[in-house]
Amino acid sequence: MSVEPAALAEKYRTADPFPHVIVDNFLPEERVRAVMREIEAARIDPEAPGYGWFGKRRASELEQFPPLTRQLVEELNSPEFIQWLEQVTGIEGLHPDPYLEGGGIHQTPTGGYLKIHTDFNWHRRLQMHRRVNLLLYLNEDWQEEWGGQLELWRESDIETEDGRPVASFAPLFNRLVIFSTTDFSYHGHPHKLSCPPDRTRNSIALYYYSKDRPQSEIRFGNSEMTNYRARPEEHLGLKHKIHQALIKHPLARGLVNAIRKVS
């Protein structure tokens, strides 16, 4: 890596509201631009809307990625990059996810959003804990008024009337964001995008795992559920209440998962 991990490690460890770091101009510009053009040309079907998101498109089958995009993802999952990532984050024993569960290529069109949330903390197929998120943004000439800023929140601020994100980052071209994934790392881009109809908010999202983790980072045990949280002006509905109940009660969550397996 061209960026020395020692220059980032202290920033990462001391960042507020939880460990994170931003690296602008992460890779050679022409290489990132070529990947961006592949992703812009890709046809990715939208996911069905959920109560916590709208308009999201995701491709997670590495074998189907365009060639330059696939090559980049493989490098970001390589032993050399994992070693760099461990030095930046201070988390040892990181593993990439060959299945790209929840990750891969992400696109969001105008009108789309992703509400404030924490991510699932357990990967069933790997039998590992999710520890680090990596986002590489691929949006050249992105305008601030289009929105799409990644917001990082302190939990105590989410449901207060005057709550504001502690940090906010525009999804700028060749900007890398790395942050620790815990049951307290609340993030999202909750406001509707207002980019032109022919533009989308594009990123590569990769997640990294370990066999163990500090118990202080998890609240409700191993969970495969995304924990969306409503801000005061938001009403996420009955599904949100059910979702919250399942997240907070692991026994009920296990029962529901068992029923789904049988059915």
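The values are calculated or read from the model by the stated rules, or taken from the named source; none is laboratory data. Note that the structure is a prediction, hence the values are computed from the model and not measured. Here the Cβ is made from the backbone with ideal geometry for all residues, glycine too, and neighbour counts use every protein chain on show.
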| query | Is there any pair with a first residue in the stretch 194-218 that is over 20 Å from LEU134 (Cα atoms) and free of Cβ contacts under 8 Å to residues at least 12 places away in the same chain and a second that is among the hydroxyl-bearing types (Ser, Thr, Tyr) and buried (at least 19 other Cβ atoms within 10 Å of the Cβ) whose Cβ atoms are under 8 Å apart and which are 6 or more apart or on different chains, and what are they? | reply | none
| Would you say ASP198 is under 25 Å from PHE65 (Cα atoms) and not aliphatic (A, V, I, L, M)? | yes
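Pick from the stretch 146-167 the residues that are in contact with a Cys (Cβ under 9 Å, 6 or more places away or on another chain) and either part of a loop (DSSP other than H, G, I, E, B) or among the acidic types (Asp, Glu) (or both): which of them is nearest to THR181 (Cα to Cα)?
Residues of the stretch 146-167 that are in contact with a Cys (Cβ under 9 Å, 6 or more places away or on another chain), as a first pass: 146-148.
Filter once more, so that each one left must be either part of a loop (DSSP other than H, G, I, E, B) or among the acidic types (Asp, Glu) (or both): 147-148.
Details: GLY147: 23, GLY148: 20 Å.
Across the stretch 146-167, the extreme among qualifying residues is GLY148.
Residues are listed down the side, and each one gets a yes or a no for (1) among the aromatic types (Phe, Trp, Tyr); (2) within 13 Å of the chain's Cα centre (by Cα); (3) farther than 16 Å from GLU40 by Cβ; (4) part of a strand (DSSP E or B):
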{"site": "PHE173", "(1), (2), (3), (4)": "yes, no, no, no"}
{"site": "GLY188", "(1), (2), (3), (4)": "no, yes, yes, yes"}
{"site": "SER194", "(1), (2), (3), (4)": "no, no, yes, no"}
{"site": "ILE204", "(1), (2), (3), (4)": "no, yes, no, yes"}
{"site": "TYR208", "(1), (2), (3), (4)": "yes, yes, yes, yes"}
{"site": "ASP212", "(1), (2), (3), (4)": "no, no, yes, no"}
| request: Can you tell me which residue within the stretch 131-151, out of those that are at positive phi and of a type outside the set (D, E, K, R), is surrounded by the most Cβ atoms within 10 Å (Cβ to Cβ)? | output: GLY148
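I'd like the residue in the stretch 1-18 that is out of contact with any strand residue (DSSP E or B) (no Cβ under 8 Å at 6 or more places or on another chain) and not in a helix (DSSP H, G or I) and, out of all such residues, is modelled with the highest pLDDT.
PRO5
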| Is the stretch 47-54 home to any residue that is surrounded by fewer than 17 Cβ atoms within 10 Å (Cβ to Cβ), modelled with pLDDT under 95 and of a type in the set (D, E, K, R)? | yes
| query | What number of residues in the stretch 153-179 are touching a Lys or Arg at 6+ places or on another chain (Cβ under 9 Å) and crowded, with 21+ Cβ neighbours inside 10 Å? | reply | 3
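Got at least one residue in the stretch 34-44 being touching a strand residue (DSSP E or B) at 6+ places or on another chain (Cβ under 6 Å) and closer than 29 Å to ARG231 by Cβ?
Residues of the stretch 34-44 touching a strand residue (DSSP E or B) at 6+ places or on another chain (Cβ under 6 Å): 39, 44.
Within this subset, residues satisfying the condition of being closer than 29 Å to ARG231 by Cβ are 44.
Within the stretch 34-44 (the criterion being touching a strand residue (DSSP E or B) at 6+ places or on another chain (Cβ under 6 Å) and closer than 29 Å to ARG231 by Cβ), the answer is yes, since at least one residue qualifies.
Please determine whether any residue of the stretch 224-245 is part of a strand (DSSP E or B) and not basic (Lys, Arg).
Taking the stretch 224-245 and keeping what is part of a strand (DSSP E or B), we get 227-228.
The next check asks that each one be not basic (Lys, Arg); those that pass are 227-228.
Yes, the stretch 224-245 contains at least one residue that is part of a strand (DSSP E or B) and not basic (Lys, Arg).
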| query | When both residues are 6+ apart or on different chains and their Cβ atoms are under 6 Å apart, which pairs have a first residue that lies in the stretch 19-36 and is touching a residue at least 24 places away in the same chain (Cβ under 8 Å), and a second that is of a type in the set (Val, Ile, Thr)? | reply | VAL21/ILE178; ILE22/VAL177; VAL23/VAL3; VAL35/THR69
| said: I'd like to check something: does the stretch 35-42 contain any residue that is under 20 Å from ALA170 (Cβ atoms) and surrounded by fewer than 19 Cβ atoms within 10 Å (Cβ to Cβ)? | reply: yes
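Any residue at all in the stretch 182-193 that is surrounded by fewer than 16 Cβ atoms within 10 Å (Cβ to Cβ) and either over 25 Å from ALA15 (Cα atoms) or free of Cβ contacts under 8 Å to residues at least 60 places away in the same chain (or both)?
yes
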